[in-house]
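J.: Sharing a structure below in structure tokens format, with a few things to ask.
The values are calculated or read from the model by the stated rules, or taken from the named source; none is laboratory data. From a predicted model like this one, the values you see are computed outputs, not experimental measurements. Note: ideal-geometry Cβ built from the backbone for every residue, glycine included; neighbour counts use all protein chains shown.
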Amino acid sequence: MLPVQSYYQVARENEAVFRNVLRDLRDNRTKRPMGGYIPEDLDAEATLDAIFQKYSEGPRHGRFTITTFARPKTDAATIGFQDIATLLGGGATLEYLVKEDNSVEYQRPTCTMMS
């Protein structure tokens, strides 16, 4: 299980990119590694506070959880997610190319896991 990191400040400083990554996860969940764990109704339009509260705070056992969001380079973003329950679950960390207009293009998984 990946620990939930406080990605809130990075998401706040890069809100357009963060929301575009969430939209990609929601819209392309069947094409992303471990996408079966991504909710069909992933809410990319809520306030950042609501997103963080809904997908990262509190008890997370058996619930979709955003664990990380990072901007390791100006043209890259990564997001980590998981949904872990006893004897089942999984997650991934995915890398995106960030374009000048803050749109994103999925690149590759950097980590996938199944329990």
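J.: Does any residue in the range 54-82 that is under 15 Å from E105 (Cβ atoms) and of a type outside the set (D, E, K, R) come within less than 9 Å, Cβ to Cβ, of a residue that is part of a loop (DSSP other than H, G, I, E, B) and modelled with pLDDT of 95 or more six or more places away or on a different chain, and which pairs are these?
T.: Listed pairs, sorted by first residue: A77/N14; A77/R71; T78/R71.
J.: Name every residue in the range 56-89 that is of a type in the set (F, W, Y) and under 15 Å from P39 (Cα atoms), in order of residue number.
T.: F64, F81
J.: Further question on the same structure: Any idea which residue in the range 93-110 is surrounded by the fewest Cβ atoms within 10 Å (Cβ to Cβ), counting only those that are touching a helix residue (DSSP H, G or I) at 6+ places or on another chain (Cβ under 9 Å) and within 13 Å of I79 (Cβ to Cβ)?
T.: Among those that are touching a helix residue (DSSP H, G or I) at 6+ places or on another chain (Cβ under 9 Å) and within 13 Å of I79 (Cβ to Cβ), it is Y106.
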